[in-house]
1. Take the conditions surrounded by fewer than 14 Cβ atoms within 10 Å (Cβ to Cβ), modelled with pLDDT of 95 or more and within 10 Å of chain B (Cβ to nearest Cβ) and apply them to A:D131. Does it pass?
2. Modelled with pLDDT under 95 and out of contact with any helix residue (DSSP H, G or I) (no Cβ under 6 Å at 6 or more places or on another chain): which single residue out of A:A98, A:A35, A:A22 fits that description?
3. Name, by its number, the condition in (1) closer than 30 Å to B:L90 by Cβ; (2) at the interface with chain B (Cβ under 8 Å from one of its Cβ atoms) that does not hold for A:D91.
4. From (1) open to solvent by 70 Å² or more (accessible area, probe 1.4 Å); (2) more than 7 Å from every other protein chain (Cβ to nearest Cβ), pick out the condition that doesn't hold for B:P150.
5. Only one residue in B:A147, B:A111, B:A158 is farther than 30 Å from A:A40 by Cα and among the hydrophobic types (A, V, I, L, M, F, W, C). Which one?
6. Name the residues in the range B:106-117 that are in contact with an Asp or Glu (Cβ under 8 Å, 6 or more places away or on another chain) and more than 7 Å from chain A (Cβ to nearest Cβ), would you?
7. What do you reckon, is B:E120 modelled with pLDDT under 95 and at the interface with chain A (Cβ under 9 Å from one of its Cβ atoms)?
8. Here are some residues: A:Y69, A:Y50. Which one is open to solvent by less than 40 Å² (accessible area, probe 1.4 Å), in contact (Cβ under 8 Å) with a residue 12 or more places away in the chain and within 11 Å of DNA strand D (Cβ to nearest atom)?
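The values are calculated or read from the model by the stated rules, or taken from the named source; none is laboratory data. Bear in mind that the values here come from a model prediction, so they are computed numbers and not experimental data. So basically every Cβ, Gly included, is an ideal-geometry build from the backbone, and we count neighbours across all protein chains shown. The area values use the complete protein model at the heavy-atom level, side chains included, leaving out ligands, DNA and RNA. Shrake-Rupley method; radii C 1.70, N 1.55, O 1.52, S 1.80 Å.
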Protein chains: 2
Amino acid sequence: MDRKSAQEFDRTATTKTAAKTATQTTRSAPLTIGALAKAAGVGVETIRYYQRRGLLREPQQTRGAYRVYGEAELARLTAIRRAQQLGFSLDEIDGLLALNEERDRDRARDAAQAKIELIESRIRQLQDMRDALAELVHCCEHTDSPAPCPILRALSSA
Amino acid sequence: MDRKSAQEFDRTATTKTAAKTATQTTRSAPLTIGALAKAAGVGVETIRYYQRRGLLREPQQTRGAYRVYGEAELARLTAIRRAQQLGFSLDEIDGLLALNEERDRDRARDAAQAKIELIESRIRQLQDMRDALAELVHCCEHTDSPAPCPILRALSSA
DNA sequence: GTTGACTCCGTACTTCGGTACGGCCTTTAG
DNA sequence: CTAAAGGCCGTACCGAAGTACGGAGTCAAC
């Protein structure tokens, strides 16, 4: 009996795509979860984790007791990986991939812009750390030997 | 380590004589854990967490059933916070604060140098993300309206 | 002499993105 | 037919640095 699959998040999910996947997915490349994982370069457990999270649909089609995956799932995993490399979290990716390519350009651009700003603020933080550390190292290298370590002093001094 | 000195093991709550008579090193302000937390700008739970972790000693001195903290603990918490701001983990800080200011200068400098390199590699990663995102945003802003979003296309295209 | 704030202690939970384990079932190759 | 490989499921665990909670005890002020 089929698992009811908690995938009734109807976020206006482009009926076009839903209709096409039924015909396209099945006829391209039938994959087991293991084959899909290998093709996408992730672990089987990762796929199952994405499914639990609602980030990847469980395919409705099965071969015997096993689910059958296709190009749609592979494409989605690839998109997830790319978005991760751009710094998006899985939650953000979920939202991003639910956007409509034509109608939601503003939202996509805003998300990207916001992410840029977050990344840049993090970069500045890290640069501050690096500068402070570099200063201490420089100081350490230019202090004569019998003196206490300027780095450790910087941590402990009042 | 060398700061242990002779302290009375006074478990009875009735003796109040321990207040100022002791000629400790720098036992200036007797603090409860709450006062110490406030002074250090951390939460009480954080202090207790550091103690469990072995990063902060539990003071042997007590007033009644409560532990008494002093300048030493405050200084240590301050040092921990400073080291954290430089990007060190609590484990690393534990090691760092165990170093000897005179004898372990090399080790401190090496740790700082290694941390710098780690930070710089992280910065480069983030810059790559930012550049890729900026490129996409730029692309998005220079694409005519009825076209699909280049950002979303970049994620999903084959 | 009671109230209320504080302390102590142990434990569980948080975020994030997975990874691992164990048991059972199914599929498929030999 | 059988055995190995793989799939399915639920659950626990990882690391990092805490945060939260609950119960019991205690200190101090009024």
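1. So A:D131 fits the description; yes.
2. A:A22
3. (2)
4. (1) is the only condition that B:P150 fails.
5. Just a single option satisfies the conditions, and that option is B:A111.
6. Of everything in the range B:106-117, just one residue is in contact with an Asp or Glu (Cβ under 8 Å, 6 or more places away or on another chain) and more than 7 Å from chain A (Cβ to nearest Cβ), namely B:A111.
7. no
8. The conditions single out A:Y69.
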